[in-house]
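Participant: Dropping the structure in here first, questions after.
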Amino acid sequence: MSNPHERLAPAGRHGPVRAPQSVAGGLLLIALAALALWLTRDLDQGTLNSMGPAMLPRWLAVGVGLSGLTLLVTGLTKDGDPLEGWSLRGPFFIIVAILAFAVTIRPFSFGSLTIPGLGLVVAGPLAIIIGGFATPEARLRDLVLLSLSLTPFCMLLFGDLLNLPIPIFPQQLTSLFPSDWSQKAVMRATAAILVAGAVVVFFATRGRRTTAIDVADHSGRI
């Protein structure tokens, strides 16, 4: 006779996969890491003293792959959550944000459509704001503040400290600054302007009530 107090094994735990959600997440992260390593295979990694364009994305991919491997092992050795239904909202806005960044940071042409290279000063805030709407709690004010704060940090990190060949701003902007300024000086001034814009937006909207902007329902339909 079975013990009435004996706990029944959760459904879906009879095979080697004990945490389907962790296994699925781990496999996805490993696949993303492999894709990043393949896409950067022809880029120069450089050294710590002179970083190449492939060093940061390549080591980030290694970190993501190790995280995925950890999730995969955990999903095979420890009980966890089963797979559940998921919304298309998050992947949709993240993919749109990545595409928006890709077609605006450098010149882009597709048939008769031509988009001039706008650099990180435009592509960064655009991607951050669009990607922020992946959550239903998105607030436009918060996303604008984040974009105006994070973009200058990325400009100084990648363009100034790491000297990576990333387009920072449209070449047309250089005419707005003194002709004897270097590119780094123009970049630092542009970063300062963005930070000042974030401060202005913060104080100008501080007393206003902010409400979440939900541009999609919660049933998975966009």
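Participant: What are the semi-axes of the equivalent ellipsoid for region 85-140, taken as the square roots of 5 times the Cα gyration tensor eigenvalues, largest first, in whole Å?
Facilitator: Sorted largest first and rounded, they come to 25, 14, 7 Å.
Participant: In a shell of Cβ-Cβ distance under 15 Å around G65, excluding G65 itself, what net charge do Lys and Arg (+1) and Asp and Glu (-1) give?
Facilitator: +2
Participant: Let me ask something else. When you count, for each residue, the other Cβ atoms within 10 Å and take the mean per peptide, how do 163-173, 185-195, 43-53 rank with the highest first?
Facilitator: 185-195, 163-173, 43-53
Participant: With the Cα gyration tensor of region 65-182 giving a ≥ b ≥ c as the square roots of its eigenvalues, does the rule (a/c under 1.5 for rounded; else a/b larger than b/c for prolate; else oblate) give rounded, prolate or oblate?
Facilitator: prolate
Participant: Ok, one more. Can you bin the chain into rounded, prolate or oblate? Criterion: square roots of the alpha carbon gyration tensor eigenvalues sorted a ≥ b ≥ c, rounded for a/c under 1.5, prolate for a/b above b/c, oblate for the rest.
Facilitator: prolate
Participant: Could you derive backbone 3J(HN,Hα) for region 132-144 from the dihedral phi with the Karplus parameters 6.51, -1.76 and 1.60 (θ = phi - 60°), listing whole Hz in sequence and x where the residue is Gly or Pro?
Facilitator: Coupling constants for region 132-144: x, 7, 5, 9, x, 8, 4, 10, 4, 4, 5, 5, 5 Hz.
Participant: Taking the C-alpha atoms of region 15-86, how large are the radius of gyration and the largest Cα-Cα span, Dmax, in Å?
Facilitator: So, for region 15-86, Rg and Dmax equal 15.4, 49 Å respectively.
Just so you know, all these numbers are worked out from the coordinates, no wet-lab data involved. Please read these numbers as outputs of a predicted model, since none were measured by experiment. For neighbour counting, all protein chains shown are included, and Cβ atoms are generated from backbone atoms with ideal geometry for every residue, glycine included.
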